[in-house]
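Some notes on the structure that comes next.
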Amino acid sequence: MSSVIVWPFVGGNMLRLIVLYTALALCANGAAAADLASLRDGEMKKMVVFSQRLAPPEIPFVNELGDSRTLADYRGKVVLLNIWATWCAPCRKEMPDLDALAARETGEDFEVVTVAASSRDTQAKVASFFDRAGVTHLPRFIDDTERLSRALGLPGLPATLLLDRQGQIVAQLLGPADWSSPEAKVMIDALRAE
C-alpha cells in the first residue's frame, strides 16, 4: 500500500517539484502535451501508459436513478474512470481523494466517473458509503454484473483508467493512489491539454 508523500518540501527534491510544475505550466498554456509516460512521478509512478490507445468495452453501468451509461457517453471529455467496490478497503480509502479531484477539476472537458463493479454492491450500499464518507461530487454508478471489470481485464481493485477525448484508454493505474496529489494533477492536465 502506498503512503503519503511529502517530498515537495524536502531539500533535494525541490527540483522534482519544479519540473512537475513546469510541465503543468506548459500544458496549461496550450503547448503540445508532454509524453504522459515521462510525467509519471510520485503517486503516479505505478501508472502504466499504453503505447497504443485502446478502445474501451461498450458495457453499460447504471446510476441511482436506473439510467444506463457506457464510456461512449463521455466522448469529448477526458475521463478518469475508477473501478471500485464498497467492500474493498483501498478503494474506500481513495474515494475522498477522488471526490476532492472531482470538486476541484471542474469544466466541460473533464469528468471523474466511479463505477462500483461487484456483484455484492447495490445502489443502497454505495449511497450509504458515500454518505458516511462525505462523498458528494462523484456519480453513484454500479455494475453488479462485473462485466465491465472483466472486459477491461482488471486483476483487482481499485483500478483507475484515463481516457482521452476520443474515448480511448490511455493509461491504467492498479491499486490506490492519492488523486489529490500534484503528480496526478500534472498527468490529468497533460491529457486535457491534448
>> What pairs come out if I take residues in the range 125-137 that are free of Cβ contacts under 8 Å to residues at least 40 places away in the same chain and outside any helix (DSSP H, G or I) and pair them with residues that are among the acidic types (Asp, Glu) and open to solvent by less than 50 Å² (accessible area, probe 1.4 Å) whose C-beta lies under 7 Å away, six or more apart or interchain?
In response: 136/99; 137/99
>> Of all residues being farther than 23 Å from residue 73 by Cβ and in contact (Cβ under 8 Å) with a residue 60 or more places away in the chain in the range 46-62, which is least open to solvent (accessible area, probe 1.4 Å)? Just the residue, please.
In response: 47
> Taking residue 53, is it under 21 Å from residue 168 (Cβ atoms), at pLDDT below 95 and charged (D, E, K, R)?
Replying inline: yes
> Can we say residue 184 is farther than 20 Å from residue 72 by Cβ, more than 11 Å from the chain's Cα centre (by Cα) and assigned to a helix (DSSP H, G or I)?
Replying inline: no
>> What's the total number of residues in the range 63-91 that are in a strand (DSSP E or B) and open to solvent by 50 Å² or more (accessible area, probe 1.4 Å)?
In response: 2
> What number of residues within the range 89-121 satisfy the criterion of being among the polar types (S, T, N, Q) and at pLDDT 95 or above?
Replying inline: 1
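Here is a yes/no grid of residues against (1) surrounded by fewer than 21 Cβ atoms within 10 Å (Cβ to Cβ); (2) closer than 14 Å to residue 71 by Cα:
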{"residue": "148", "(1), (2)": "no, yes"}
{"residue": "158", "(1), (2)": "no, no"}
{"residue": "163", "(1), (2)": "no, yes"}
{"residue": "168", "(1), (2)": "yes, yes"}
{"residue": "173", "(1), (2)": "no, no"}
{"residue": "177", "(1), (2)": "no, no"}
{"residue": "180", "(1), (2)": "yes, no"}
{"residue": "185", "(1), (2)": "yes, no"}
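Does the range 138-154 hold any residues that are of a type in the set (A, V, I, L, M) and either out of contact with any Pro (no Cβ under 7 Å at 6 or more places or on another chain) or part of a helix (DSSP H, G or I) (or both), and which are they?
Answer for the range 138-154, where residues must be of a type in the set (A, V, I, L, M) and either out of contact with any Pro (no Cβ under 7 Å at 6 or more places or on another chain) or part of a helix (DSSP H, G or I) (or both): 138, 142, 148, 151, 154.
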> Somewhere in the range 111-119, is a residue assigned to a helix (DSSP H, G or I), among the hydrophobic types (A, V, I, L, M, F, W, C) and touching a Phe, Trp or Tyr at 6+ places or on another chain (Cβ under 7 Å)?
Replying inline: no
>> With the structure loaded, tell me whether residue 131 is of a type outside the set (Ser, Thr, Tyr) and either crowded, with 21+ Cβ neighbours inside 10 Å or in contact with a helix residue (DSSP H, G or I) (Cβ under 6 Å, 6 or more places away or on another chain) (or both) or whether it fails that test.
In response: no
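The values are calculated or read from the model by the stated rules, or taken from the named source; none is laboratory data. Quantities reported herein were computed from a predicted structural model and do not represent experimental measurements. Positions of Cβ are backbone-derived with ideal geometry, glycine not excepted, and every protein chain shown enters the neighbour counts. Keep in mind that these areas ignore ligands, DNA and RNA; they rest on the heavy atoms of the full protein, side chains included. Shrake-Rupley method; radii C 1.70, N 1.55, O 1.52, S 1.80 Å.
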